[in-house]
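The structure appears right after this line, and notes come after that.
The values are calculated or read from the model by the stated rules, or taken from the named source; none is laboratory data. Remember, it's a predicted structure, so these values are computed and weren't measured experimentally. Positions of Cβ are generated from backbone atoms using ideal geometry, with glycine treated the same way; all protein chains shown enter the neighbour counts. These accessible areas exclude ligands, DNA and RNA; they are computed on the full protein's heavy atoms, side chains included. Shrake-Rupley method; radii C 1.70, N 1.55, O 1.52, S 1.80 Å.
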Amino acid sequence: FLMERKTHVKINRKEIMLAKLRKSCSCTPQKLKNFLMDFFPVLRWLPKYRYKEYIWGDIMSGLVIGIILVPQAIAYSLLAGLKPIYSLYTSFFANIIYFLMGTSRHVSVGIFSLISLMVGQVVDRELLLAGFDLNDDAPPASGDGSLQNDNLSNTTAFNLTIAGINAECGKECYAIGIATALTFMAGVYQVLMGIFRLGFVSMYLSESVLDGFATGASLTILTAQVKYLIGIKIPRSQGHGMLVITWINIFRNISQANLCDVITSAICIVVLVTAKELGDRYKHKLKFPLPTELVVIVVATLVSHYGKLNEVYASSVSGAIPTGFIPPKVPELNLMPRVALDALPLAIVSFVFTVSLSEMFAKKYAYTTRANQEMFAVGFCNIIPSFFHSFATSAALAKTLVKTSTGCQTQISGVISAMVVLLVLLFLAPLFYSLQKCVLACIIIVSLRGALRKFRDVPARYRLLVGIVFSMLCIIVRTQRPRTALLGQIQDTSFYEDDLEYENLSTVPKVKIFRFEAPLYYANRNYFLKSLYRLTNLDPNLEAARRKKYEKKEKQHLKKGNHRTANGLGTGEITLQLVPKQIDFQALVVDCSSISFLDTTGVNTLKEILKDYKNLNISVLLACCNPSVIDSLKKGGYFGKDFGCMQEMLFYSIHNAVLFAKDQK
């Protein structure tokens with residue numbers, strides 16, 4: 001049979017680029033309006049806000065997150081090497097800015113342990129290079145906790161002029177100067193990545209890489225907090241081998257442990273872990289999580305204050321936390337070259353965590369987010385607060401899960417959380433003067449439970465290291481955006497080819513044949529799914545969500561005693577109503593002839609579409625798989641435990657799969 005190629009009109013890419021440039025450079029009132037509404041998504045969804053339906057869930061989740069946020073912010077200041085007031089500033093401004101610019105309805109953006117650790121490492125390094133003693137813990141300043149007293153206590157005995165900073169600037173002043181410069185640079189990088197539409201960068205950090213980063217960082221965080229748990233003073237280590245050196249110093253000085261801090265830490269850890277375990281076990285019965293951290297902080301502060309633990313037992317306490325806001329200040333430009341390189345990984349990690357969480361919850365609740373707009377949102381969550389003595393932020397999984405479990409519907413909940421933090425900033429901050437640092441360390445360590453448990457996955461995942469390095473170096477460029485196509489049947493033959501490339505091809509009734517011309521692995525997983533949904537004109541997740549929503553409405557209508565549905569249909573006609581007219585196929589055949597290998601993410605992607613399409617009564621059939629792909633599918637559990645359904649799911653040719661699909665009822 002003679003195959004004729006279609007003649008394609010040559011595209012003048014230069015003219016297309018010039019036309020797009022002219023169009024983008026033109027300014028009209030409508031374009032300006034669209035730009036503002038895209039840049040500030042709140043302008044789109046806030047006017048459509050359903051007060052009666054959403055407001056109570058947003059208020060409840062906002063209050064709960066605010067209550068959790070205050071003790072965590074104070075605790076994470078230890079990781080960043082800064083005073084607690086700066087953590088509260090960070091939490092307040094991040095929630096307000098993300099409310100205006102974020103596209104996710106559920107993500108909680110604010111202070112995050114891993115980001116705080118990265119900031120703290122840079123701050124410690126620069127303090128050492130400047131000649132400051134990291135262990136120079138001045139006695140807590142007494143007084144009313146006002147900003148004036150705090151500014152005086154910031155000035156140490158170091159009479160230095162460092163990187164253009166005033167000689168009166170002491171250790172704390174220099175530390176926050178480094179942190180704000182680092183945060184500003186990270187925000188600039190993120191905004192630039194948004195301008196150049198580099199949102200796809202998040203694809204190069206797979207779930208395994210992020211898990212490994214979080215697990216390793218959790219061990220570093222744990223090591224850094226041990227000295228506060230037992231109340232000893234040891235020098236902070238920097239550079240390679242810091243974990244080993246820190247533990248050696250801990251055991252050398254363990255005889256100097258403060259008994260009061262040890263007892264307090266033991267009690268706090270037992271209470272926190274017990275409450276967390278009970279909360280996880282009975283979370284389906286609880287309307288909102290127990291505010292265990294807040295209760296522990298309040299009780300510990302009262303005991304420390306009235307028991308005079310600092311004066312009697314020399315227990316280290318938080319000290320004065322000022323109220324109000326320090327006047328804004330431009331980040332030190334002279335410090336930015338010193339931290340410019342450190343800001344790049346900080347920007348990438350902050351963005352990737354935010355985008356990953358926003359996409360995860362957008363898929364779960366059937367709406368869409370925009371990766372590049374998320375880049376702008378988290379970028380300005382760093383740039384603007386850096387003028388107000390704040391440091392880097394990111395989305396946090398634990399707080400986001402709490403938001404969704406307590407009824408969060410929109411980012412109105414973030415504004416409520418910011419108001420709770422504002423209340424602490426304006427009135428309640430001085431009350432935490434007597435709070436022991438060992439209590440804050442306990443809160444940090446207990447919050448690492450999930451990350452520390454991932455160490456159990458290390459033996460099963462170490463083999464991925466070689467595969468990731470090899471993929472990044474050899475094939476990632478060629479496989480990022482491969483060709484995809486729907487195939488049609490060559491007339492009177494058992495062969496199939498690209499319907500867009502050849503003439504005289506016939507479509508197969510009730511069957512879609514999809515070809516993906518590249519290995520399927522973590523870097524192109526999203527492109528595989530988007531191409532599949534686009535070419536088949538069906539997103540199974542959105543369709544399933546629509547059906548569930550329809551069924552819920554029909555059940556609510558029938559509970560009222562009316563046997564006629566909202567559309568005037570009888571109960572027996574509901575099933576017919578649920579079948580959408582746009583689904584014109586009952587089987588999907590995936591041509592795997594060009595898929596040379598699958599990684600773990602690739603196997604999970606095929607398992608995902610198998611499950612999603614099965615929910616719509618659409619069967620997924622694989623054709624032309626090579627032996628290595630079949631082995632990967634078997635190891636990944638694609639065919640089940642005993643491979644009993646393998647013959648009905650895997651075919652050695654496209655035509656065999658099509659014939660099987662036609663025979664299905």
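Report yes if ASP591 is within 14 Å of LEU532 (Cβ to Cβ), touching a strand residue (DSSP E or B) at 6+ places or on another chain (Cβ under 6 Å) and either surrounded by fewer than 18 Cβ atoms within 10 Å (Cβ to Cβ) or among the acidic types (Asp, Glu) (or both), otherwise no.
yes
Scan LYS276, LYS227, LYS233 and give me the residue that is of a type outside the set (Ser, Thr, Tyr) and outside any helix (DSSP H, G or I).
LYS233
Only one of THR369, THR354 is farther than 22 Å from LEU69 by Cβ, modelled with pLDDT under 90 and touching an Asp or Glu at 6+ places or on another chain (Cβ under 7 Å); which?
Among THR369, THR354, only THR369 is farther than 22 Å from LEU69 by Cβ, modelled with pLDDT under 90 and touching an Asp or Glu at 6+ places or on another chain (Cβ under 7 Å).
Return the residues of region 540-558 that are open to solvent by less than 50 Å² (accessible area, probe 1.4 Å) and among the acidic types (Asp, Glu); say none if nothing qualifies.
Scanning region 540-558 gives GLU543, GLU554.
Can you tell me which residues in region 239-293 are without any contact (Cβ under 8 Å) to a residue 60 or more places away in the chain, among the small types (Gly, Ala, Ser) and under 24 Å from ALA314 (Cβ atoms)?
SER255, ALA257, ALA266, listed by residue number.
Output the residues belonging to region 192-207 that are at pLDDT 70 or above and crowded, with 19+ Cβ neighbours inside 10 Å.
MET193, GLY194 - these are the residues of region 192-207 that are at pLDDT 70 or above and crowded, with 19+ Cβ neighbours inside 10 Å.
For region 434-464, how many residues meet the condition of being open to solvent by 70 Å² or more (accessible area, probe 1.4 Å) and either at pLDDT 85 or above or among the small types (Gly, Ala, Ser) (or both)?
1
Could you list, in sequence order, the residues of region 335-360 that are open to solvent by less than 10 Å² (accessible area, probe 1.4 Å) and of a type in the set (Gly, Ala, Ser)?
ALA343, ALA347, SER350, SER358
Which residues, taken from region 299-332, are open to solvent by less than 70 Å² (accessible area, probe 1.4 Å) and part of a helix (DSSP H, G or I)?
Correct list: ALA300, THR301, SER304, GLY307, LEU309, ASN310.
Any residue at all in region 626-635 that is modelled with pLDDT under 90, surrounded by 16 or more Cβ atoms within 10 Å (Cβ to Cβ) and within 23 Å of ASP498 (Cβ to Cβ)?
no
In the list THR215, THR180, which residue meets the criterion of being over 21 Å from the mean Cα position of the chain (by Cα) and modelled with pLDDT of 75 or more?
Just a single option satisfies the conditions, and that option is THR180.
So which residues in region 115-134 are farther than 20 Å from THR223 by Cα and in a loop (DSSP other than H, G, I, E, B), if there are any at all?
Those that are farther than 20 Å from THR223 by Cα and in a loop (DSSP other than H, G, I, E, B): ALA130, GLY131, PHE132.
Please work out if ARG13 is of a type outside the set (Ser, Thr, Tyr) and closer than 30 Å to GLU497 by Cβ.
It is true that ARG13 is of a type outside the set (Ser, Thr, Tyr) and closer than 30 Å to GLU497 by Cβ.
Could you tell me how many of the residues in region 592-617 are part of a loop (DSSP other than H, G, I, E, B) and without any contact (Cβ under 8 Å) to a residue 60 or more places away in the chain?
1
Name the residue that is modelled with the lowest pLDDT, counting only residues in region 283-298 that are open to solvent by 90 Å² or more (accessible area, probe 1.4 Å) and in contact with a Ser or Thr (Cβ under 8 Å, 6 or more places away or on another chain).
Here the residue is PHE288.
List the residue pairs whose Cβ atoms are under 8 Å apart, where the first residue sits in region 414-431 and is not assigned by the TED database to the domain that holds ARG105, the second is open to solvent by 40 Å² or more (accessible area, probe 1.4 Å), and the two are 6 or more positions apart or on different chains.
Hits for this filter: zero, empty list.
Do we find a residue being assigned to a helix (DSSP H, G or I), surrounded by fewer than 24 Cβ atoms within 10 Å (Cβ to Cβ) and modelled with pLDDT of 80 or more anywhere in region 101-108?
There is at least one residue in region 101-108 that is assigned to a helix (DSSP H, G or I), surrounded by fewer than 24 Cβ atoms within 10 Å (Cβ to Cβ) and modelled with pLDDT of 80 or more.
Name the pairs whose Cβ atoms lie under 6 Å apart, with the first residue in region 644-665 and farther than 19 Å from LEU610 by Cβ, the second open to solvent by 30 Å² or more (accessible area, probe 1.4 Å), and 6 or more positions between them or separate chains?
Every condition considered, the pairs that remain are HIS655/SER494.
Would you say GLU608 is in the same structural domain as LEU538 (by the TED database), within 16 Å of GLN586 (Cβ to Cβ), open to solvent by 30 Å² or more (accessible area, probe 1.4 Å) and among the charged types (D, E, K, R)?
No: the conditions fail for GLU608.
Output the residues belonging to region 594-644 that are under 18 Å from ALA544 (Cα atoms) and basic (Lys, Arg).
Of everything in region 594-644, those that are under 18 Å from ALA544 (Cα atoms) and basic (Lys, Arg) turn out to be LYS607, LYS611, LYS614.
Give me the pairs: first residue in region 75-90 and aromatic (Phe, Trp, Tyr), second residue outside any helix (DSSP H, G or I), beta-carbon distance under 6 Å, and six or more apart or on different chains, which are they?
Filtered contacts from region 75-90: TYR76/ILE111; TYR86/HIS389; TYR89/PHE388; TYR89/HIS389; TYR89/SER390.
Does region 518-534 contain any residue that is modelled with pLDDT of 90 or more, farther than 23 Å from PRO482 by Cβ and crowded, with 18+ Cβ neighbours inside 10 Å?
No.
Name the pairs: first residue in region 294-311 and touching a residue at least 24 places away in the same chain (Cβ under 8 Å) and under 21 Å from TYR76 (Cα atoms), second residue open to solvent by 40 Å² or more (accessible area, probe 1.4 Å) and of a type in the set (Asp, Glu), Cβ to Cβ under 8 Å, at least 6 apart or on different chains?
none
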